[in-house]
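J.: Here it is, the structure, as structure tokens.
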Amino acid sequence: MIGARLPGVAKVALLAAHCDDLAIGAGGTLLTLCEARPGIEVEALVLSGGGTEREDEERAALAAFCPGARLSVTVGKMRDGRLPAQWEEAKEAVEGLRSRIDPDLVIGPWTGDAHQDHRGLAKLIPTAFRGQFALGYEIVKWDGDLGRPSVYQPLSPEVAEAKVALLQEHYASQRHRPWYDREAFLGLARIRGIECQARYAEAFHTGKLTLDLAGD
């Protein structure tokens, strides 16, 4: 297990197909990142849910998950489950996000996600953010698409508990779902923690990395 640091992260771009994706996939990481870097700039794009109660939930939730950050949230009105047919609209939204921020870190879905909206958005990310370090989060679901991630963000027990509490507090529209509960969220975090020798963790997929073996 090799540890790596990302010094100088001052700007972060967040991408999601649906409201709550970011909180479920990277909520603990966002809490950790924003608490460690007061005033960090965070620009979030969510493709669907605009104009509904889900947008209100998302805005309140991201404000809680990004404490102290200079946060901007855009929630679009794409139809759930229709991204392949709305490719142009999704592409324009991602390019719009790119025009608003030059991030040090990009967090979005990963290309192996079984949900077509997540997977489609993940494929668009490198077309707009070509030189940035990008992490692809995972979301547990009935499809059984959890893979073998290679990047881990350990979470303290306090952060893991805070993530679960905020998920329950802010997404009332999702509480009826059989998978939306404390056991599911903490269970996956515990498994990923075991894999990186921590109590809890969130795991991510990433693509290309460049080594600097000649550096100090």
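The values are calculated or read from the model by the stated rules, or taken from the named source; none is laboratory data. Since this is a predicted model, take the numbers as computed values, not measurements. When we count neighbours, we look across all protein chains shown, and the Cβ atoms used for this are built from the backbone with ideal geometry, even at glycine. When the accessible area is computed, the model is the full protein with side chains, heavy atoms only, and any ligands, DNA or RNA have been set aside. Shrake-Rupley method; radii C 1.70, N 1.55, O 1.52, S 1.80 Å.
J.: Just subtract the alpha-carbon distance of Asp143 and Arg199 from 0.36 nm times their residue separation and send over the number in nm, one decimal. Walk me through the numbers on the way to the answer.
T.: Details: separation 56, 0.36 × 56 = 20.16 nm, distance 2.60 nm.
17.6 nm is the gain from fully extending Asp143 to Arg199.
J.: Given R₀ = 22 Å, what would the calculated FRET efficiency be for Asp102 paired with Arg5, taking r from the Cβ atoms and rounding to 0.05? It would help to have the intermediate numbers written out before the result.
T.: On the way: r = 21 Å, r/R0 = 0.93.
Using R0 = 22 Å, I get an efficiency of 0.60.
J.: Counting only heavy atoms of protein chains, what accessible area per residue, in Å², does the chain have with a probe of 1.4 Å? Intermediate values should be presented prior to the final figure.
T.: Numbers: 10880 Å² over 216 residues.
For the chain, the solvent-accessible area averages 50 Å² per residue.
J.: On to the next question. Sorted by mean Cβ packing within 10 Å, highest first, what order do the peptides 101-107, 147-153 take?
T.: Working: 101-107: 19.9, 147-153: 15.3.
Final packing ranking: 101-107, 147-153.
J.: Between Arg190 and Ala63, what is the label-to-label distance in nm when each label sits 7 Å out along the Cα-to-Cβ direction?
T.: About 3.4 nm, to one decimal.
J.: So which lysines can Lys91 reach, going by Cα to Cα under 29 Å and dropping same-chain residues fewer than 8 places off?
T.: Within reach: Lys11, Lys77, Lys123, Lys141, Lys208.
J.: Right, something else. Compute the distance in nm between two label points, each set 7 Å from the Cα along the Cα-to-Cβ direction, one at Arg177 and one at Ser72.
T.: Simple spin-label model gives 2.8 nm for this pair.
J.: What whole-number distance in Å separates the alpha-carbon centres of segment 66-109 and segment 118-139?
T.: Taking the Cα centre of each part, segment 66-109 and segment 118-139 sit 10 Å apart.
J.: If you don't mind, another one. So which helices of the chain fit the span-like rule, where a helix is a whole DSSP H run, its Cα atoms reach 15 Å or more along the axis, and its mean Kyte-Doolittle is at least 1.0?
T.: Values: long enough: 21-36 (22 Å, 1.12); 53-65 (18 Å, -0.98); 87-100 (20 Å, -1.24); 116-128 (19 Å, -0.43); 157-170 (20 Å, -0.09); 182-195 (20 Å, 0.12).
Flagged H segments are 21-36.
J.: Here is a further query. For labels at Trp87 and Thr52 in the simple 7 Å Cα→Cβ model, what's the distance in nm?
T.: Modelled inter-label distance: 2.5 nm.
J.: Let me ask another. Would you grab the residues whose amide H sits under 5 Å from the one on Leu71? Only those 5+ places off in sequence or on another chain, please, with H modelled 1.01 Å from N.
T.: Sorted by chain and number, the residues that satisfy this are Val42.
J.: While we're looking at this one, here's another question. Using a 1.4 Å probe on the protein heavy atoms, what percent of the accessible area of segment 77-150 belongs to carbon and sulfur? It would help to have the intermediate numbers written out before the result.
T.: On the way: 1870 of 3830 Å².
About 49 percent, which is the carbon plus sulfur part of the accessible surface.
J.: Next up: Among Leu31, Gly68, Gly131, flag the residue with its Cα farthest along the positive direction of the charge dipole of segment 26-141, charges on Cβ as +1 for Lys/Arg and -1 for Asp/Glu.
T.: Of the candidates, Gly131 comes out farthest on the positive side.
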